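The values are calculated or read from the model by the stated rules, or taken from the named source; none is laboratory data. The structure displayed is predicted, hence computed values, not measured ones. When we count neighbours, we look across all protein chains shown, and the Cβ atoms used for this are built from the backbone with ideal geometry, even at glycine.
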Amino acid sequence: MNMNIIDDFSIPVITAASLCIGYVMKKWLPTDDKWIPTVLLVIGAISGLILFGLNYEGVVKGMVSGLAAVGLHQAFKQHLKLPMGDDEIHAMGAGKIPEDEENTTDEEGGEK
């Protein structure tokens with residue numbers, strides 16, 4: 001697959017701004033993670049309109065750049081093997097503690 005089209009439609013300034021906005025949303029705003037790509041898509045589209053004026057190409061470039069921030073975040077996270085939070089582990093359907101392992105320690109921290 002030829003990835004040059006992404007280079008043609010990606011605007012680094014919009015991608016960097018969207019990456020920062022997505023980070024702030026994830027860390028400090030009480031929002032569900034599933035909304036972050038949608039918000040960045042809209043922010044990218046609005047940024048594209050501001051930079052290129054009212055035309056279709058500006059909207060598409062902005063949307064691609066906003067979504068590129070989501071992909072960039074995931075690529076760095078997987079490449080650096082950053083630890084996942086409990087909410088991300090639970091969202092993947094993993095991290096459920098079997099009932100027989102839940103209470104294997106007593107109140108002082110020793111094994112039962």
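Quick notes
- Checking VAL59, VAL13 one by one, the residue that is assigned to a helix (DSSP H, G or I) and surrounded by 12 or more Cβ atoms within 10 Å (Cβ to Cβ) is VAL59 and no other.
- Scanning segment 22-46 for residues that are without any contact (Cβ under 8 Å) to a residue 24 or more places away in the chain, touching a helix residue (DSSP H, G or I) at 6+ places or on another chain (Cβ under 9 Å) and in a helix (DSSP H, G or I) returns MET25, LYS26, LYS34, TRP35, VAL39, ALA45, ILE46.
- Set HIS79, HIS73: member being within 21 Å of ILE14 (Cβ to Cβ), at pLDDT below 85 and part of a helix (DSSP H, G or I): HIS73
- Tabulated pairs, segment 52-79, first in contact (Cβ under 8 Å) with a residue 24 or more places away in the chain and farther than 16 Å from VAL39 by Cβ, second surrounded by fewer than 17 Cβ atoms within 10 Å (Cβ to Cβ) and not hydroxyl-bearing (Ser, Thr, Tyr), C-beta under 7 angstrom, 6+ apart or interchain: VAL60/PHE9; LYS61/PHE9; LYS61/PHE52
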